[in-house]
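Have a look at the structure below before the remarks.
The values are calculated or read from the model by the stated rules, or taken from the named source; none is laboratory data. Everything quoted here is computed from the prediction, not taken from an experiment. All Cβ positions, glycine included, derive from the backbone under ideal geometry; neighbour counts span all protein chains shown. Areas reflect the complete protein model, heavy atoms only, side chains present, ligands, DNA and RNA absent. Shrake-Rupley method; radii C 1.70, N 1.55, O 1.52, S 1.80 Å.
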Amino acid sequence: MPYPEISRRKFLQYTALGTLASTMPGLSWAENRIMNQDPDKNFKPDVELELYAQNAEVPILPGAHTHVFQYTGKLLKGPAGTLKTLPGYLGPILNFERGQKIRIFFYNQISEPVITHWHGLHVPQKMDGHPMYEILNGERYVYEFEVDNPAATYWYHSHTHEMTATQVYQGLAGLITVRDAAEQKLELPADEYEIPLVIQDRTFTNGNQLHYLHGRHRRMMGFLGDTILVNGQVNHSIPVKTRAYRLRLLNGSNSRIYKLGWDDGTPLTVIGTDGGLLEKPETFPYVMLAPAERVELWMDFSGRKPGSELTMQSLTYKGGGAHMGGMGRMGGMSGGIPQGKSFSIVKFNITEQVGDSPSLPEKLVSIRRLSTQDLTSPAKTVPIEIGMRHMLFQLNDQTFRMYDHQEIERIPVNSIQKIRIFHEGRMGGDRHGGGMGGRRGMGMMGMMLSLPHPIHLHGQQFQIVSRKQNESNSAYDTIKQGFIDKGWKDTILVMPGEDIEIIKPFEDYTGLFLYHCHNLEHEDLGMMRNFEVY
Ligand code: C2O
Ligand code: CU
Ligand code: CU
């Protein structure tokens, strides 16, 4: 792909829009934006829809409506249930089936550049919503892809250069469900018994407007709101019957990590992860859900008394940037609920007794197990090294540049790779740009080194091979039973001191595919890189 020098005229035009990074390396995607404006006549869609990024005023709190960005959609062709509109500000749920050919006309009707990414779906580079494809107000981008993912809960959100955090915060996100034949056979609870739960935290001004944070240091710590929203609504409560439900949870927050648990101590029955159903249901005392992760739960309310209620909470844990609550000055920085503090998320009111409930299948789906025997080059390990320099998080010693990739970031297509995600070994010294001491040191540096990072890889889903904690660390004991390491994943929470190995296929498509921290503040500050699949 050619990356011609930026023209001076375009550079000025573009900076005039106020969106250009100060870190311009001397070429611009703005100049070379490859817009996919027109549909491909040879592509025969099963589903065709329009999706708009719009300004909207929605009721969230009592009183004044809240200004948000919102995805709205219109189905042009395909099954009637393809689009499901939710109350609140989230985009419509896109209900797809594996094998469907999808065409989406995406229109930008907001005053900022924007591009949309289908998180978790395995699609070609041009359809993946890489920030190089951003479109401006009034423009459109045509997406065409075939759904080639197993049945699971995916999502879509803006992926605009250095604006992902603010645009998702203001509302540009929605759920995607994919269904397939293997799932259909299980006859899992459906329709009114299948409940999406998108969990986000926000902070509102007195005038009910969304309030974000400012300044680089605060953004490095990540946004933590003081109000929990579920499906875009506050104090959400859901009426349920005494039977089994399928709950599809997405952590759509910028930085907040939830430790999900029921308030009466009922264990969680997990049936699915980011990229598919598990082989069989697994039980957990609690589940850690980092930004962008999804989990599907089987929840049976049978035997509960009508009139009673059950609350899903986020439980207390340590290790999420533990200094935050304790530091007066820092505590005042965000004003949000500190990471790791407990609060309730959503209440289920048992309203109706019913006689009958489906029972939990013993087996779910079969999974193609990836092992070291599947590796294309068994001796090779692709690194994802988390580091920090000049008070910025880096991956493999670099921050994001639009088209940039290093030799170690080049991956042959149709290969299966082992990837190791780990922390830079040395503390202090030049590399950290400050020598403020190690993790236990006080101050901004120590706080930053103690932050967790949910690492997300675009393209195909991966499997987790091993997870090692290199530090003896009592904080880790408060979360370690909440990792679901058995299914398909596209995002993995990497705690301080952790060293993780995954296996990931890079099949079908060549081009640039992002990997990044899904703490959206970190992502926008450059904790993102490209793999070039060649
Ligand atoms: Cu959910 Cu690259 O993103
Ligand atoms: Cu993604
Ligand atoms: Cu991060």
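Label reach from Asn137 (point 7 Å along Cα→C-beta): in the stretch 103-130, amide nitrogens under 17 Å belong to 107-115.
A simple count of charges around Asn108, restricted to other residues whose Cβ falls under 9 Å of its Cβ and scoring Lys, Arg +1 and Asp, Glu -1, yields -2. Across the stretch 201-215, rounded Karplus estimates of 3J(HN,Hα) from the backbone phi angles (6.51 cos²θ - 1.76 cosθ + 1.60, θ = phi - 60°) give 10, 9, 10, 10, 6, 4, x, 6, 9, 5, 10, 10, 10, 10, x Hz, Gly and Pro being marked x. Measuring how big the stretch 210-325 is from its alpha-carbon positions, Rg and Dmax come out at 16.0, 51 Å.
If you average the alpha carbon positions of the stretch 407-422 and of the stretch 237-263, how far apart do those two centres end up, in angstrom? Centre-to-centre distance over Cα atoms comes out at 34 Å.
Remark: accessible surface ordering of Glu194, Glu57, Glu279, Glu471 (largest first) is Glu57, Glu279, Glu471, Glu194, probe radius 1.4 Å.
The alpha carbon centroids of the stretch 458-534 and the stretch 92-144 are separated by 23 Å.
Using the Karplus relation 6.51 cos²θ - 1.76 cosθ + 1.60 with θ = phi - 60°, the per-residue 3J(HN,Hα) values for the stretch 216-224 come to 5, 5, 5, 5, 4, 6, x, 7, 10 Hz, with x marking Gly and Pro. Multiplying the residue separation of Met391 and Arg216 by 0.36 nm and removing their Cα-Cα distance gives an extension gain of 62.1 nm. In this simple spin-label model, placing a label point 7 Å from the Cα along the Cα-to-Cβ direction at both Asp499 and Asn55 gives a separation of 5.3 nm. Straight-distance candidates among the lysines for linking to Lys504, with alpha-carbon spacing under 28 Å and chain neighbours fewer than 8 residues away dropped: Lys101, Lys126, Lys185, Lys259, Lys280, Lys363, Lys380, Lys418, Lys468, Lys480, Lys486, Lys489.
Computed from the Cβ-Cβ distance with R0 of 56 Å, the FRET efficiency linking Gln209 to Ile408 stands at 0.80.
Counting only DSSP beta bridges whose two residues both lie in the chain, roughly 75 percent are antiparallel. Accessible surface for the chain, divided over its residues, is 38 Å² per residue with a 1.4 Å probe.
Mean residue ellipticity, 222 nm, helices only, the chain: the sum of -39500 (n - 2.57) across DSSP H runs of n ≥ 4, divided by residue count and rounded to 500, is -2500 deg cm²/dmol.
With each label modelled as a point 7 angstrom along the Cα→C-beta vector, the Ser472-Tyr534 pair spans 4.7 nm. Taking amide H as placed 1.01 Å from N in the peptide plane, Asn254 has its amide H under 5 Å from the amide H of Asp201, each at least 5 places away in sequence or on another chain. When a 1.4 Å probe is rolled over the protein heavy atoms, the share of accessible surface on the chain that falls to carbon and sulfur comes to 49 percent.
For the listed peptides 351-359, 105-113, 524-532, a ranking on the average number of other beta carbons within 10 Å per residue, highest first, reads 524-532, 105-113, 351-359. All C-alpha pair distances within the stretch 486-534, sorted into 5 Å bins from zero, spread as 5, 15, 21, 26, 21, 11, 2 percent across the bins. Taking amide hydrogens as placed 1.01 Å from N in the peptide plane, the amide H of Val123 sits under 5 Å from those of Gly459, each at least 5 positions away in sequence or on another chain. For Thr510 and Lys305, the FRET efficiency from 1/(1 + (r/R0)^6), where r spans their Cβ atoms and R0 equals 41 Å, is about 0.10. Looking at the stretch 24-113, the trypsin sites (Lys or Arg not before Pro) that sit in a DSSP loop and have at most 13 other Cβ atoms within 10 Å of their own Cβ are Lys41. Computed over every Cα-Cα pair of the stretch 183-272 and binned at 10 Å starting from 0, the pair-distance distribution P(r) comes out as 13, 38, 29, 16, 5, 0 percent. Shown are Val365, Val198, whose ranking by accessible area with a 1.4 Å probe and every protein chain present, most to least, is Val365, Val198. Measuring max minus min along each principal axis, the C-alpha atoms of the chain give extents of 71, 60, 58 Å (largest first). Computed extension length for Glu279-Ala379: 33.1 nm, one decimal, from 0.36 nm per residue of separation with the Cα-Cα distance subtracted. Full extension of the segment from Lys185 to Thr372, taken as 0.36 nm per residue of separation minus the current Cα-Cα distance, would add 64.2 nm.
Per residue, the average separation of C-alpha pairs within less than 8 Å and at least 6 apart gives the stretch 133-263 a relative contact order of 25 percent.
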